[in-house]
Amino acid sequence: MIALEHVSLQYGGRVLFRDVSFLVNPHDRIGLVGANGAGKSTLLRILTGNVLPDKGRIVKANYVTVGYLPQDGITARGRSLYHEVESAFEDIVTVQSELEEAQRVLATLDPQASEYADTLEVLGELQHKLEDLDAFRMKSKIERVLMGLGFATTDFGRPTEKFSGGWQMRIALAKLLLTEPSLLLLDEPTNHLDLDSLQWLEEYLRGYHGAIMLVSHDRSFLDNLTTRTLALRSGTLEEYAGNYSFYEREREVRKELLENAFKNQQDKIRHTQAFIDRFRYKASKARQVQSRMKQLEKMELVQVDSDEEQIRFRFPRPAPSGRVVLELTNLSKSYGDHKVFRNLDCRIERGDRIAVVGPNGAGKSTLSRILAGVEPFDSGERITGHNVSLSYFAQHQAEELDHGKEVLTIVDEVASGAIRSNLRTILGSFLFHGDDVFKKVSVLSGGEKSRLALAKMLLQPANVLIMDEPTNHLDMRSKAVLQNALSDYEGTYVIVSHDRAFLDPIVNKVLEVSHSGIRTYLGTVTEYLLKKKTEGVGASGVQESKEPTGKPPGEGTGRRQESAERRRKAAELRSMERRLADVERRIEEQENRKRELEEKLADPEFYKNSDEARDVLRQHRELQEVLEELETEWTKITESIIAVKAVQQ
């Protein structure tokens, strides 16, 4: 459908792409990954034709259309939201205008005139055109997409210039989705979406008829959507036949094989060079020496990219707080006539690790500011617990940095203890590499300032952290560093974010903020979403029972129902026990197979056949994943059996 052939591009002395080739097929779902600055956005712009390569070409069929959503920089103005998005249906709007004009002309003509019949015929043709263009579904399509992306019907008539930057990007995304190009290029489409809109977009893109290539630092989004991964690294591009998680596993396998090949080649080079050095001046060996020298000259050297060191950042150890950390009681907050919270109660205890989720505009950031003590409220009380020391991060804090100071100075002023000797490494984890640490704050981009403000906050000892969208400007590696640090953190934290993969391993509660108030769910964000799916629910997240209707059953009926219920429970128990036995059998089979593979992997000779080694390593990883799933299933079934037996007793 569309292909890049041998594309190279260089900016100044830096090679961005070197002989890059790939093909996009009609229904591909491709994740484009790589470190910040690797050239992902530039590659997307090459596909659109907005950037021309130094060498190579883009081959595209005539029927192929390409739609592109950049990270930022799009602003719509001069029309209402609805009419702006309606412009995606340019053909339909044009025909509708022609139809209206024909109707206006028809109303002025004499029905007996020949022009009347001609105009009537034109009118019929235009109506047929609208049917062919599926114009009668246009309104429902527009409403579906706008509401899916979080707009209310009351927004449809608002001028587009009244919407903020994040909503402007949603307007651009809505138009792009409705245009339905053959290839959809999305550069960080989740940055400005809340959890509900993100889930809607995920579902919409699953059913999209064309091809999709997307850049995202949202691991869950990539995993749920993509089936191919293109990885940019040091000017080259590698392809992986799976989603982001597959890419990470396969990359480790390839790295291991490459390192083995590198070691083998280096051994061969040493032996060959030793032979040359030993017999260089011996006439009887001259031909063999020359032959080996030519071998070395022709040898294509295996290159192993050295990965950046794995950074393990630990928060300064905080003093313990009291059991109750923060408490909001009967709190109300308004902005003019807009009521954000009314009689809000919220209690945060030591050890809580809370994700705050909810639609944009519901008050998530307002709540985080109130909890942090930087936002006034109308009435109620905010109570800080015993010995609480609090640190707060929000995007706007980037602008409060001292613009005259260097990056390294900013963090050095707040760091204390042994961590000060490791500041450059820590800054590296937040994407400040090499001489970047000596840049003045005044020359940093918005994203760089945000990362620096986050690093500064994390280096200050505190036993309570309040963070509003801390991952917005971080790449996968930086997010992993922050995630690991939060996992080891001994205090309490509240994080406003929609990044499920980031939040799931590190939170134990979810605080849902909506226009009707707040609700607390125990568990991870994924568990919260599953509970929401099963809801006709009450505040506990548990399905509420419906009130019985009709005449109450008699005593005999009650006994029969109890007996039927016992039989049903007994049958359910037998079914679960059979499932448990089946799972145990499968676990045993997989463990036996795993032991067989591990015996092969323990033999050094086995690695001489790299293809077989790679295949066995892949099988071993897949077996491990299957075992983990089976063990999880075994635990769930066992817990269910215990619960049923407890009820029977």
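Projected area of region 324-533, taken from the Cα convex hull and averaged over every viewing direction, in nm²?
12.2 nm²
From the alpha carbon centroid of region 187-238 to that of region 449-482 is 23 Å.
Listed by chain and number, the aspartates and glutamates whose C-alpha is less than 20 Å from the C-alpha of Lys294, apart from same-chain residues fewer than 8 away, are Asp267, Asp277. Backbone amide hydrogens, once placed in the peptide plane, bring Ser8 within less than 5 Å of Asp19, Val20, Asp54, Lys55, Gly56, excluding anything fewer than 5 places away on its chain.
FRET efficiency for the Asn330 to Leu573 pair, using the beta carbon distance and R₀ = 60 Å, is estimated at 0.80.
Taking amide hydrogens as placed 1.01 Å from N in the peptide plane, the amide H of Val325 sits under 5 Å from those of Ile348, Glu349, Arg350, each at least 5 positions away in sequence or on another chain. Over the chain, dividing the summed -39,500 (n - 2.57) contributions of all DSSP H runs of at least 4 residues by the number of residues returns a 222 nm mean residue ellipticity of -15000 deg cm²/dmol. Label-to-label distance for Glu248 and Glu131 is 5.4 nm, based on points extended 7 Å past Cα in the beta-carbon direction. If you add up the charges near Gln395, with Lys and Arg at +1 and Asp and Glu at -1, over every other residue whose beta carbon is less than 10 angstrom from its beta carbon, what do you get? My count for the surroundings of Gln395 gives -2.
Helix check for the chain. Which DSSP H runs span at least 20 Å along their own axis by Cα, with a mean Kyte-Doolittle hydropathy no less than 1.6? Kindly include the intermediate steps, with their values, before the conclusion.
Values: long enough: 90-108 (28 Å, -0.15); 114-132 (28 Å, -0.72); 165-179 (21 Å, 0.73); 244-279 (51 Å, -1.33); 555-601 (68 Å, -1.95); 610-648 (57 Å, -0.61).
Once both thresholds are applied, nothing remains.
The Cα atoms of region 383-484 define a convex hull whose projected area, averaged across directions, is 7.0 nm². Taking 0.36 nm per residue of separation and subtracting the current Cα-Cα distance, fully stretching the chain between Arg270 and Arg347 would add 21.0 nm. Taking a straight Cα-Cα cut-off under 15 Å and skipping sequence neighbours fewer than 8 places away in the same chain, the aspartates and glutamates within cross-link reach of Lys636 are Glu527, Glu572, Glu577, Asp582, Glu584, Glu628. For Rg and Dmax of the Cα atoms in Å, computed directly from the structure shown, the correct entry in (1) 25.8, 81; (2) 28.7, 92; (3) 31.3, 113 is (3). List the residues whose amide H sits under 5 Å from the amide H of Val356, counting only those 5 or more places along or on another chain, with H placed 1.01 Å from N in the peptide plane. Hits under the 5 Å cutoff: Ile495, Val496, Ser497, Leu511. For the Cα trace of region 39-123, dividing Rg by the Kirkwood Rh returns an Rg/Rh value of 1.25. Among the listed pairs Lys456/Lys479; Lys141/Lys162; Lys333/Lys364; Lys60/Lys139; Lys405/Lys449, those with a Cα-Cα distance over 20 Å are Lys141/Lys162; Lys60/Lys139. Taking 0.890 mPa s as the viscosity and 25 °C as the temperature, the Stokes-Einstein diffusion coefficient of region 68-108 based on its alpha-carbon Kirkwood radius rounds to 195 µm²/s.
Quick one: putting +1 on the C-beta of Lys and Arg, -1 on the C-beta of Asp and Glu, what dipole do you get for the chain around its Cα centre, in Debye to the nearest 20?
Value, rounded to 20: 2260 debye.
Each peptide among 38-51, 433-446, 379-392 gets the average number of other Cβ atoms lying within 10 Å of its residues, and from highest to lowest they stand as 38-51, 379-392, 433-446. Three principal axis extents describe the C-alpha atoms of region 249-298; from largest down they are 52, 17, 10 Å.
The alpha-carbon of Lys298 sits under 16 angstrom from the alpha-carbons of these lysines, leaving out residues fewer than 8 places away in its chain: Lys268.
Read the figures in this text as sums done on the coordinates, not as results from a lab. All values derive from a computational prediction rather than experimental measurement. All Cβ positions, glycine included, derive from the backbone under ideal geometry; neighbour counts span all protein chains shown.
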